[in-house]
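Everything on this sheet refers to the single structure shown next.
The values are calculated or read from the model by the stated rules, or taken from the named source; none is laboratory data. None of the values given here were measured: they were computed from a predicted structure. Glycine gets a Cβ as well: all are built from the backbone with ideal geometry, and neighbour counts include every protein chain shown. Only protein heavy atoms, including side chains, enter the accessible area calculation; ligands, DNA and RNA are left aside. Shrake-Rupley method; radii C 1.70, N 1.55, O 1.52, S 1.80 Å.
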Amino acid sequence: MINLKKPKVFIAYDIFEDSEKYIGEYCDYTKLDSSKKRSFEDLKEGIKEADGIVVMGTRIDDELLQYADNLKVVSNVSVGYNNLDIEAMKKRGIVGTNTPGVLDDTVADTIFGLILNIARKFPKLEAYAKAGKWKKGDSEEFYGKDVHHSTLGIIGFGRIGETVAKRAKGFDMDIIYHNRNRKPKAEEKYGAKYVEMEELLKTADFVVVMTPLNDETHHLMGEDEFKLMKKEAFLINASRGPVVDEKALIKALEEGEIAGAGLDVYEQEPIDPNNPLLKMDNTVTLPHVGSSTLKTRQEMAMLAAKTIVDVLYGRPTDCIVPELR
Amino acid sequence: MSKPKVIIGYPIADEIIDYVKEHCELIYFDLKNQNRYEELKSKIKDAEGVIALATPINEELLNYAPKLKVVSNITVGYNNCDIEAMKEKGVVATHSPGILDHTVADHILALMLAASRRIPEQNDFVKSGSWKTMENPSLFSKDINGATLGIIGMGRIGEEVVKRAKGFDMNIIYYNRNRKPDIEKSMKIKYMQMEDLLIASDFVVVSTPLTDETFHLMGEYEFGLMKSDAIFINTSRGPVVDEKALIKALQNKEIGGAGLDVFEQEPIAKENPLLSMDNVVLTPHLAGGTKKTMDALAWNAARCMVETLEGKTVKNIIPEMK
């Protein structure tokens, strides 16, 4: 009788019971104690004999990979994979995977939640009402800006961008976008219009950044870009923090060059408690929860579990990141 | 001929005041006064027109107003007006249908997203410096895409909510006095009896006017029917909801959360338990509160008042007086 040895998986992110069970059916696994803060030592130890590792946002680079003797696959429980050092992985023939598709709707909802909450001054209204300060007679400082019939500018028109456009149609918004490639089908479907970046920034009432983070998109939004935006326009970022030059954003907000910002991501996460963004009432600041509904997180974890098993068993999968296919 | 004398009991933009002054003599305009009503009683003697926001127009006040011809309500709701008393005295009431539908529908979606995705709570979490670890499963939230939306009261605002909710792939059901076959077909929404709607919905949105029939439409029994993780939204009028029953339902976790713009008492009392609940999103009766919409409402009220006093046909007279 041949006793086939199961592949070894190191689960370095707290996935759900059903996805852990799924991995357990096909692989031997160890996992990080989720109640403890993850240290590099723990990672080093865990990755040593692993054929596969499940992570979310953990930096995978030369420094860590030198300890990985058997590693074949890094399964990332997110759609962004800027935590992967692609060259270091390529060199060693390690595959990286992500979880495209399952989180598009939830992230698009987050973006719309940010748009509506910042435009209608929810942080201000909530603080006022909940502190028991509400007095008779409205004050104009609480009046917000209409989302309906305004212009939405989407930078980076991928799956999530298109899902945002679908939502925007219900609000009778004019949709403009900028992307490396034009998307004629989406243009037709959502009435979206392709424009150059400069025109988008000058025209949009809401600028939504929806690009992946790479060398070209690092600090895509900087001082010059904020200057081009309308004074009453808002910036929305739920992609990756470093796509925006945060110092320039803070300056633009402080100097009234833009009206406000809805943010789910930051250059440093968790954010420094002294960051000026936290003192402002014209910002909505979420703790990187774009995809964090219970349902979507469960689906993402299950997809990551299935993908790591697929790769380790040599089955086809759609979830290998393009650069490592 | 002297100009008719009028009162404006609400803050409005200068250019609208100028317009009113072209046609009328403005005899009283004070908005910050906390005793507005007493002040109004003393000043209304000579007034032929009043621009009002939620000011109770009842028999008592009308007894002080022998010359009054028109009460021009800024808002679309006019439950502040005692219609019978006004009819008896021959005073016309106008309101503002259609103007704020889009803005209120936006606000309803904003409340739905804020409550289900816990946006204010997460914003506070970050701003108070509590964000210490990347993952915080205790803050995981609930999807609105694909969820079931139940709308009680399918008027113009309800229809605008439907249009927006379609973009989130929501399943939409509604209850209304009259069925709306056209919308059912064009928007693919389903009619249900109120009880069935409450049982089936992940989000319950109340969008009815306040009348004798809709007073405390949502009470203990109705909240009891809702799913324990469902979210309740009210931007119509406070008394459509039995607030004590709502508070109890939230405290006993019979429902998942609420997004509220209106309350039985406004401004809301400091001691109201709703103020200290994490799963409740509150805004201070500002569902129509964008600069653009507020200006449009005030313009409408000013025009309705001036045109009524000039004997012109006014289209925004309240239905009961047409």
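Which one is nearest to B:M294 (Cα to Cα), of the residues in segment B:134-144 that are facing another protein chain (nearest Cβ under 7 Å) and open to solvent by 20 Å² or more (accessible area, probe 1.4 Å)? Among those residues, the one meeting the criterion is B:K142.
The set of residues in segment A:26-45 that are open to solvent by less than 40 Å² (accessible area, probe 1.4 Å) and either at pLDDT below 95 or within 14 Å of another protein chain (Cβ to nearest Cβ) (or both) comprises A:L32, A:L43. Number of residues in segment B:267-296 that are in contact (Cβ under 8 Å) with a residue 40 or more places away in the chain and either in a loop (DSSP other than H, G, I, E, B) or within 20 Å of B:M112 (Cα to Cα) (or both) equals 10.
Scan segment B:3-36 for residues that are of a type in the set (F, W, Y) and at pLDDT 85 or above and the total you get is 1.
Of the residues making up segment A:177-196, those that are touching a helix residue (DSSP H, G or I) at 6+ places or on another chain (Cβ under 8 Å) and more than 14 Å from every other protein chain (Cβ to nearest Cβ) are A:Y177, A:H178, A:N179, A:K183, A:A186, A:K193, A:Y194, A:V195. The criterion of being more than 17 Å from the chain's Cα centre (by Cα) and surrounded by 23 or more Cβ atoms within 10 Å (Cβ to Cβ) holds for A:A192. Can we say B:P239 is out of contact with any strand residue (DSSP E or B) (no Cβ under 7 Å at 6 or more places or on another chain) and either within 14 Å of chain A (Cβ to nearest Cβ) or surrounded by 23 or more Cβ atoms within 10 Å (Cβ to Cβ) (or both)? So B:P239 fails the test.
Looking across segment B:199-226, the residues that are in a helix (DSSP H, G or I) and out of contact with any Phe, Trp or Tyr (no Cβ under 8 Å at 6 or more places or on another chain) come down to B:I199, B:A200, B:E220, B:Y221, B:E222, B:G224, B:L225. In segment A:278-304, the residues that are more than 20 Å from B:P120 (Cβ to Cβ) and more than 7 Å from chain B (Cβ to nearest Cβ) form Cβ pairs under 6 Å with partners that are open to solvent by 10 Å² or more (accessible area, probe 1.4 Å) and part of a loop (DSSP other than H, G, I, E, B), at six or more places apart or across chains, as follows: A:Q298/A:F16; A:E299/A:V102; A:M300/A:V102; A:A301/A:I15; A:A301/A:F16; A:L303/A:V102.
Scanning segment B:100-120 for residues that are more than 8 Å from chain A (Cβ to nearest Cβ) and at negative phi yields B:L100, B:D101, B:V104, B:I108, B:L111, B:M112, B:A115, B:S116. Number of residues in segment A:5-25 that are in contact (Cβ under 8 Å) with a residue 12 or more places away in the chain, open to solvent by less than 70 Å² (accessible area, probe 1.4 Å), outside any strand (DSSP E or B) and not acidic (D, E): the value is 8. Selection over segment A:221-237 of residues that are open to solvent by 60 Å² or more (accessible area, probe 1.4 Å) and either within 17 Å of A:K121 (Cβ to Cβ) or of a type in the set (V, I, T) (or both) gives a count of 2. When residues in segment B:246-292 are screened for being more than 9 Å from chain A (Cβ to nearest Cβ), small (G, A, S) and open to solvent by 10 Å² or more (accessible area, probe 1.4 Å), 2 of them pass.
Take the conditions (1) open to solvent by less than 30 Å² (accessible area, probe 1.4 Å); (2) free of Cβ contacts under 8 Å to residues at least 60 places away in the same chain; A:V309 misses just one of them, which is (2).
For A:D272, state whether it is modelled with pLDDT of 95 or more and within 14 Å of another protein chain (Cβ to nearest Cβ). Considered against the rule, which asks whether it is modelled with pLDDT of 95 or more and within 14 Å of another protein chain (Cβ to nearest Cβ), A:D272 comes out as yes.
Would it be correct to say that B:R156 is open to solvent by 50 Å² or more (accessible area, probe 1.4 Å), modelled with pLDDT under 95 and more than 7 Å from every other protein chain (Cβ to nearest Cβ)? Spelling it out, B:R156 is indeed open to solvent by 50 Å² or more (accessible area, probe 1.4 Å), modelled with pLDDT under 95 and more than 7 Å from every other protein chain (Cβ to nearest Cβ). When B:D169 is tested against (1) out of contact with any helix residue (DSSP H, G or I) (no Cβ under 6 Å at 6 or more places or on another chain); (2) more than 14 Å from chain A (Cβ to nearest Cβ); (3) open to solvent by 60 Å² or more (accessible area, probe 1.4 Å), exactly one condition is not met: (2). When B:V306 is tested against (1) at the interface with chain A (Cβ under 9 Å from one of its Cβ atoms); (2) in a helix (DSSP H, G or I); (3) not acidic (D, E), exactly one condition is not met: (1). Here A:E17 meets each of (1) within 14 Å of another protein chain (Cβ to nearest Cβ); (2) in contact with a helix residue (DSSP H, G or I) (Cβ under 9 Å, 6 or more places away or on another chain); (3) of a type outside the set (S, T, N, Q) with one exception, condition (2).
Tallying residues that are touching a residue at least 40 places away in the same chain (Cβ under 8 Å) and part of a loop (DSSP other than H, G, I, E, B) within segment B:169-198 yields 1.
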